[in-house]
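To start, the structure itself, in structure tokens.
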Amino acid sequence: MQGEAGTGLDVEAVVFDMDGVLIDSRPVIENAWRDVARRHGRTLDSAEVEGYVHGRTGAETVRMLFPEHSDAARKAIWAEVDAVEEEAAYSVVPGADAIAARLAQFGVPLVLVTSSWQRKIENALGRLGLLTLFPEVVTRDDVERGKPHPDPYLMAARRLGMDPARMLVFEDSVSGVASAVAAGALCVGIGGGELLAAGAVATTVDFTALSTRAAGGLSTGGLSTGARSAEGLSTEGLSAGAAGAGRSGSDVLLDGLDVPIRVVVREVSGRHA
């Protein structure tokens with residue numbers, strides 16, 4: 001995965017988790033699980049929320065929180081939480097919409113790998129104008145074992161037809177980072193030092209410090225991430241130099257991290273619609 005001198009690490013595709021990476025869903029998820037659990041006689045402390053909720057599938061969470069319940073009872077509790085999450089309004093993680101749109105403009109293959117499900121994805125990303133950026137989506141329903149197992153990211157690599165080591169993953173939870181690293185992918189954490197301990201090569205609090213530029217070309221950073229949706233970030237809205245840099249086939253340098261990363265843009269033979 002070593003790149004050319006001065007470029008650090010080379011990848012060929014970028015993979016985004018959704019909750020906590022693309023959308024700021026933490027308050028919605030935490031409140032949903034706390035409220036539903038309370039209705040069923042369980043009060044969750046912060047450690048339980050962090051350890052049992054974030055970065056896990058609902059099936060795993062409800063099994064850990066209610067081990068004494070029947071399968072039918074756990075399924076009903078999970079459905080209550082899903083109903084809240086499906087209809088909630090989410091805000092975008094600062095800079096995530098802009099960086100994803102810029103990578104897409106360069107022709108970088110983008111994949112969404114999430115422990116969420118189709119209806120929530122369509123609601124959350126559809127409202128924010130991000131859904132069309134991800135032609136490939138791996139959900140909780142596509143794998144038998146979710147994060148922290150490597151299966152979701154191995155599935156993404158199969159969809160792309162590439163070695164997982166050629167994927168850059170953005171993750172915000174320890175279990176998500178563990179999943180990506182176990183699959184062999186390069187992972188950048190959206191969060192703090194605990195993600196470095198889990199195997200992330202670098203961390204950032206959000207995407208506002210990151211920028212993209214063609215190798216040897218102009219940066220496409222600097223657009224206001226809050227003023228426009230990803231759908232509005234077309235090449236017509238960029239400078240002539242940046243638009244030219246965004247043509248498919250231009251390698252992309254991702255700046256703003258402690259580790260410099262190059263995305264080598266080429267045709268990916270194994271992609272499917």
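The values are calculated or read from the model by the stated rules, or taken from the named source; none is laboratory data. Everything numeric in this text was worked out from a predicted model, so none of it was measured. All Cβ positions, even for glycine, are placed from backbone atoms using ideal geometry, and neighbour counts span all protein chains on display.
A few comments on the model shown:
- Test for residue 83: is it surrounded by fewer than 23 Cβ atoms within 10 Å (Cβ to Cβ), free of Cβ contacts under 8 Å to residues at least 40 places away in the same chain and farther than 19 Å from residue 186 by Cβ: yes
- Subset of region 55-86 [of a type in the set (Lys, Arg) and at positive phi]: none
- Only residues that are surrounded by fewer than 24 Cβ atoms within 10 Å (Cβ to Cβ) and in contact (Cβ under 8 Å) with a residue 40 or more places away in the chain were counted across region 173-185, and they come to 2.
- Complete set of residues in region 125-177 that are among the basic types (Lys, Arg) and assigned to a helix (DSSP H, G or I): 127, 140, 158, 159, 166
- Residue in region 46-73 that is surrounded by the fewest Cβ atoms within 10 Å (Cβ to Cβ), counting only those that are acidic (Asp, Glu) and over 26 Å from the mean Cα position of the chain (by Cα): 68
- Taken over region 32-85, the criterion of being closer than 25 Å to residue 151 by Cβ, among the polar types (S, T, N, Q) and assigned to a helix (DSSP H, G or I) is satisfied by 61 alone.
- The set of residues in region 168-178 being modelled with pLDDT of 95 or more and over 12 Å from the mean Cα position of the chain (by Cα) consists of 178 alone.
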